[in-house]
Amino acid sequence: MSRLTITDLHASVITEDGDTPILRGVSLVVESGTTNAIMGPNGSGKSTLAYVIAGHPKYTVTSGSIDLDGQDVLAMSVDERARAGLFLAMQYPVEIPGVSVSNFLRTSITALKGEAPKLRTWTKDMKEAMADLQMDPGFATRNVNEGFSGGEKKRHEILQLGLMQPKIAVLDETDSGLDVDALKIVSEGVNRFKESSDAGLLLITHYTRILRYIKPDVVHVFVDGRIVATGGPELADVLESDGYETYTAAARA
Amino acid sequence: MRAPTVAPATDLAPRIYSREIGDFDVPKGREEEWRFAPIRKLSSFFEPENWGSVGISGEHDATVEYVEISDPRLSQSWMPTDRPSAIARAQATHAVLVTIAKESVHSSPIVVNLKNAGENNYLHVEVHAGPFSKSQVVLIHDTTGNVSGSMLSILGDQAELTMLSVIDADTAVMQHVHWFTEVGRDANFLGLSITLGGGVIRTVPTLTYRAPGGKGQILGAFLLTGDQFQEHRMLVDHTQPHCVSNVIYKGALSGEGAHSVWIGDVLVRREAVGIETYELNRNLLLTDGPRADSVPNLELETGDVLSAGHASATGRFDDEQLFYLQSRGIPESVARQLVVRGFFVDVLSKIDDPDLSGSLMRRIESKLGIIDHE
Ligand SMILES: Nc1ncnc2c1ncn2[C@@H]1O[C@H](COP(=O)(O)OP(=O)(O)OP(=O)(O)O)[C@@H](O)[C@H]1O
Ligand SMILES: [Mg+2]
């Protein structure tokens, strides 16, 4: 049983012209076994929240706290956070020239587990996980994200989710750029992970489409750097028909 | 006195080919080819001296000989193209000659450990790969002593030669090395130029073709730390039809005063129809301070080519890559190691000998402070 607790989080993006505040008081709890959707308009700060949880150096936390089962997440380095059980499936996964997917995954698993996986079972596990996501076995020898299509990058993120088995996973717009078939495959991957583990999910999305495949327990509306409304799955349907207009207007007022 | 051969004017090819020192003026630093070089530091390379000749040390293959410079088997047609190379050819007393017999196939690399005679040295090395032969030659340069001279790789028809030249000199050392390669009909050359250290290192690789159908690749990996200077000034001279050239140079720089220069001149002459050429230089700046100049030049005298391209980029160590790797639990030092290995992989993976490529990679990592042991 794990719990990620975010309390009154304020954070800024560091730019050459100074720091710009983006997160303006985010409070949120993600528990094992629950799926929490965060929905909000473009530029509202959803990715910023995801990056701040993961510890991206481009952002600075000005106040508030992030706690994972009593541990101070903000005091940890990026890799310590991952080893503590946090995972971020990125909206824009990064290309790493010259580093193969299999080498990358193996290095990561070794770091997370504290020992290198047994070669034979590892190769088999990786192959199966790739087959589940209908990824060509050839991906293992390609360089990380290099020349991957948008959909292939997202499958690769979900492949990692399944192999790394985090306690709490943040999925940042895993649905964007996917056609319906790819969305189904990726969603099935996420659902398999949910069933096989007790992880808590924070699902960041712009559209309700993915929520037809991955059922949320809680839906948060995120506008202008904070959560402005929280409800059950039915809130997603309201957003689907009405959009964010009422919330953004209220935020402007 | 013989008149120097004067080549038709192009911007890229050398203007003079000659063994007469007097045919070349002392560089002043304003000339295009010398404008980046630390002329004053190199001044002793511009006047003939009585330096010893670079020899060989340790065990070596029977194909490797240390010969008098007058040995008739040494190339008679090759001509120096600048003052230091003319001086070195004139003043050297001996040469290292590697002769790969016609049709012979060498499955393991021929390793040549070069041994300097003293503080200052002239270098002359020739590798002759006979027709239809297949071989790999590894030249390890000495770590101490200044060196000026030339290496020649001459490939017979359909010869396959991989030649690796490793310079990992002390910081006080200056080296000025031409590397001339002539590819025979349908022959295949892979040159690997690895430069991991030295105070002032200037390499001048030239790749050219004696007959149609040849393929030449030159891959370079270089590393600068502290206030080292390196210039890699290459010329691919497409003189024959239906040949292929491919050049990749990757440099990593760290340290306040490090300065690298890469000049990639590719000249496709009118008769060189149907060729393919590509050249790339990428530099990775690991800290603030270093400077990397990168100048690709492509001169096409014919439009009738299959492909001709070049690319050049210099960038900072990418924080986004580090973040991505670290967010997967990988500690920062391991993440840096992965990124640097990935950066050099397209050069170092071409080295067939895993022990050698592994030890070069470890040397790179320890010099960059990524790992603390050799
Ligand atoms: N490096 C940066 N420099 C300047 N502003 C930035 C930077 N990164 C993010 N921002 C700004 O922060 C705000 C929030 O961006 P963020 O990417 O978190 O939004 P988002 O909700 O994820 O949007 P989207 O739905 O488009 O993914 C935006 O106004 C964005 O322009
Ligand atoms: Mg976003």
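The values are calculated or read from the model by the stated rules, or taken from the named source; none is laboratory data. In this text, all values refer to a predicted model and were calculated from it rather than measured experimentally. Cβ placement follows ideal geometry from the backbone for every residue including glycine, while neighbour counts extend to all protein chains displayed. SASA here: full protein model, heavy atoms, side chains in, ligands and nucleic acids out. Shrake-Rupley method; radii C 1.70, N 1.55, O 1.52, S 1.80 Å.
Using the alpha-carbon centroid of each, what span in Å lies between the stretch B:65-135 and the stretch A:95-141?
For the stretch B:65-135 versus the stretch A:95-141, the Cα centre distance is 46 Å.
Rounded, prolate or oblate: pick one for chain A, where a ≥ b ≥ c are the square roots of the eigenvalues of its C-alpha gyration tensor, a/c under 1.5 means rounded, and failing that, prolate if a/b is larger than b/c, else oblate.
prolate
List the lysines whose Cα sits under 30 Å from the Cα of B:LYS102, skipping any in the same chain fewer than 8 residues away.
B:LYS115, B:LYS134, B:LYS215, B:LYS350
Which residue, A:LEU23, A:LEU201, A:LEU163, tops the fluctuation ranking in a GNM of chain A built on C-alpha contacts under 10 Å?
It is A:LEU163.
Give me the three principal axis extents of the protein assembly as shown from the C-alpha atoms, as integers in angstrom, largest value leading.
Dimensions of the protein assembly as shown along the principal axes of its Cα atoms: 96, 49, 48 Å.
From the phi angles alone, apply the Karplus equation (6.51, -1.76, 1.60; θ = phi - 60°) to the stretch B:150-163 and give each ³J(HN,Hα) in whole Hz, x where the residue is Gly or Pro.
In residue order, the calculated couplings are 9, 10, 10, 10, 10, 9, x, 4, 6, 6, 10, 10, 10, 10 Hz.
Considering amide H positions built from the backbone, and no H for Pro or chain starts, which residues 5 or more places from A:VAL99, or on another chain, come under 5 Å of its amide H?
Amide H to amide H, under 5 Å and 5 or more residues apart or across chains, A:VAL99 pairs with A:VAL144.
How many Å² of accessible area per residue for the stretch B:164-292, probe 1.4 Å?
Working: 3120 Å² over 129 residues.
Per residue, the stretch B:164-292 has 24 Å² of solvent-accessible surface.
What's the Kirkwood radius of the stretch A:62-171 in Å, using all Cα pairs?
Result for the stretch A:62-171, one decimal place: 14.9 Å.
Can you send over the carbon and sulfur percentage of the accessible area for the stretch B:5-316, probe radius 1.4 Å, protein chains only?
Working: 5580 of 11650 Å².
Answer for the stretch B:5-316: carbon and sulfur cover 48 percent of the accessible area.
Counting only DSSP beta bridges with both residues in the protein assembly as shown, what percent are antiparallel, rounded to the nearest 5?
Counting only bridges with both partners in the protein assembly as shown, antiparallel ones make up about 20 percent.
Amide H of B:GLY214: which non-local residues (sequence gap of 5 or more, or other chain) have their own amide H closer than 5 Å, using H built in the peptide plane?
Under 5 Å from the amide H of B:GLY214 lie the amide H atoms of B:ASP186, B:ALA187, B:VAL244, each far enough along the sequence or on another chain.
Loop-only GluC sites (Glu not before Pro) in the stretch B:118-198, please: DSSP not H, G, I, E or B, and at most 12 other Cβ atoms within 10 Å. Present the calculation step by step, with values, prior to reporting the outcome.
Numbers: sites: B:GLU119, B:GLU126, B:GLU160, B:GLU182; in loops: B:GLU119.
Loop-located and lightly packed - B:GLU119.
What do you get for trypsin sites (Lys or Arg not before Pro) in the stretch B:72-102 restricted to DSSP loop and a cutoff of at most 12 other Cβ within 10 Å of the site's Cβ?
Counting only loop positions with at most 12 other Cβ atoms within 10 Å, the trypsin sites (Lys or Arg not before Pro) in the stretch B:72-102 are B:ARG73.
Using 7 Å Cα-to-Cβ label points, what is the B:ARG15/A:LYS127 separation (nm, one decimal)?
Distance between label points: 6.5 nm.
Short version: ³J(HN,Hα) in whole Hz for each residue of the stretch B:218-233, in order, from phi by Karplus 6.51 cos²θ - 1.76 cosθ + 1.60 (θ = phi - 60°), x for Gly and Pro, what are they?
For the stretch B:218-233, the Karplus curve yields 10, 10, x, 10, 9, 9, 10, 10, x, 10, 6, 10, 9, 10, 10, 10 Hz.
Can you tell me the order of B:287-296, B:79-88 when each peptide is scored by its average per-residue count of other Cβ atoms within 10 angstrom, highest first?
Those peptides, ordered most packed to least, come out B:79-88, B:287-296.
Other chains near A:78-85: what is the mean number of their Cβ atoms within 10 Å of each residue's Cβ?
For this peptide, the per-residue mean of nearby foreign Cβ atoms is 5.
Report the convex hull volume per residue for the stretch B:5-316, counting only C-alpha atoms, in Å³.
120
Quick one: of the DSSP bridges fully inside chain A, what percent are antiparallel, nearest 5?
Values: 28 of 46 bridges.
Percent antiparallel among DSSP bridges in chain A is about 60.
To the nearest hundred square angstrom, how large is the accessible surface buried between A and B, total for both chains, probe 1.4 angstrom?
For A against B, buried area totals roughly 2000 Å².
Find, among the GluC sites (Glu not before Pro) in the stretch A:114-210, those assigned to loop by DSSP (not H, G, I, E, B) with at most 11 other beta-carbon atoms within 10 angstrom.
Passing both the DSSP loop test and the Cβ count: A:GLU115.
Name the residues whose placed amide hydrogens come within less than 5 Å of the amide hydrogen of B:GLY220, ignoring near sequence neighbours (fewer than 5 apart) on the same chain.
B:SER193, B:ILE248, B:TYR249, B:LYS250
Exceeding 22 Å between C-alpha atoms, which entries from my cross-link table qualify? They are A:LYS154/A:LYS194; A:LYS46/A:LYS113; A:LYS194/A:LYS215; A:LYS113/A:LYS167; A:LYS46/A:LYS167.
Cα-Cα > 22 Å for A:LYS46/A:LYS113; rest within.
Give the calculated FRET efficiency between A:GLU245 and A:ARG212 to the nearest 0.05, with a Förster radius of 25 Å applied to their Cβ-Cβ distance.
0.65
With a 1.4 Å probe on protein heavy atoms only, tell me which residues of the stretch B:305-333 lose at least 10 Å² of accessible surface in the complex relative to the chain by itself.
B:ASP319, B:GLU320, B:GLN321, B:PHE323, B:TYR324, B:LEU325, B:GLN326, B:SER327, B:ARG328, B:GLY329, B:ILE330, B:PRO331
Within the stretch A:104-253, what whole-number % of the accessible surface is contributed by carbon and sulfur, with the 1.4 Å probe and all protein chains included in the calculation?
Carbon and sulfur: 51 percent of the exposed surface of the stretch A:104-253.
Once you sort the root eigenvalues of the Cα gyration tensor of the stretch B:66-173 as a ≥ b ≥ c, which label holds: rounded (a/c under 1.5), prolate (a/b larger than b/c) or oblate (the other case)?
oblate
Which whole-Hz ³J(HN,Hα) couplings does the stretch B:76-91 yield from phi under the Karplus relation 6.51 cos²θ - 1.76 cosθ + 1.60, θ = phi - 60°, glycine and proline marked x?
8, 8, 5, 10, x, 10, 8, 5, x, 6, 5, 5, 4, 5, 6, 8
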